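First the structure, in the form of structure tokens, and then the observations on it.
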Amino acid sequence: MKFKTLMEIKAVICLGFGPILLFLPSPLLTLLGSSFGPGAAIFAREYGAALLGNFMLTWFARKAEESMARRAIVLNLFVYDTIAFVAMLLIQLSGGMNLLGWGIVAIYLFFALGFGYFLVPQKRVV
């Protein structure tokens, strides 16, 4: 997969879920089988804001050429998605979400592996 494609997929997912979590977190959390209250609202809305920040980063950096800046972006997204994968896996295994939660776990695993791939030095054909 190309770097640009991976960044665009991430941007679309972040744009899809960010505003929902920011402005309408209750229906989404209910759909996932999670309880909703004032504490959940705080964290869901903050997470929505983080996803919108990730959208901005991935969309505007999608055409970045190989550079130290691009490597820093990839490292940031790899760490973010790897930590989110582990966190969502633990939540899912503890019964914090219904079967739809496995989709979230799979999405984070996909991005962690995808950005991890771009951290591995590539052999250049000369």
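The values are calculated or read from the model by the stated rules, or taken from the named source; none is laboratory data. As the structure is a prediction and not an experimental result, all values here were calculated from the model. All Cβ positions, even for glycine, are placed from backbone atoms using ideal geometry, and neighbour counts span all protein chains on display.
Answer yes or no as to whether E46 is surrounded by fewer than 16 Cβ atoms within 10 Å (Cβ to Cβ) and modelled with pLDDT under 95.
no
Counting only residues that are over 23 Å from M1 (Cα atoms), give me the helices (runs of 4 or more DSSP H) lying completely in region 13-126 with at least 3 of them.
The qualifying helices (runs of 4 or more DSSP H) are 25-31, 38-60, 68-93.
Just to be sure I understand, how many residues within region 85-103 are surrounded by 19 or more Cβ atoms within 10 Å (Cβ to Cβ), among the hydrophobic types (A, V, I, L, M, F, W, C) and within 16 Å of L28 (Cβ to Cβ)?
2
Which residues, taken from region 1-18, are in contact (Cβ under 8 Å) with a residue 40 or more places away in the chain and buried (at least 19 other Cβ atoms within 10 Å of the Cβ)?
If the condition is that a residue be in contact (Cβ under 8 Å) with a residue 40 or more places away in the chain and buried (at least 19 other Cβ atoms within 10 Å of the Cβ), then F3, L6, M7, K10, A11, C14 are the ones that fit.
Do we have A112 as without any contact (Cβ under 8 Å) to a residue 40 or more places away in the chain and either in contact with a Phe, Trp or Tyr (Cβ under 9 Å, 6 or more places away or on another chain) or on the phi > 0 side of the Ramachandran plot (or both) here?
In short, yes.
Considering (1) within 17 Å of I107 (Cα to Cα); (2) buried (at least 17 other Cβ atoms within 10 Å of the Cβ), say which one L57 fails and leave the rest.
Condition (1) is where L57 drops out.
Has region 53-68 got any residue that is over 25 Å from Q122 (Cβ atoms), modelled with pLDDT of 95 or more and of a type in the set (A, V, I, L, M)?
The answer is yes; a qualifying residue exists.
Has region 2-10 got any residue that is farther than 25 Å from P121 by Cβ and assigned to a helix (DSSP H, G or I)?
Scanning region 2-10, I find no residue that is farther than 25 Å from P121 by Cβ and assigned to a helix (DSSP H, G or I), so the answer is no.
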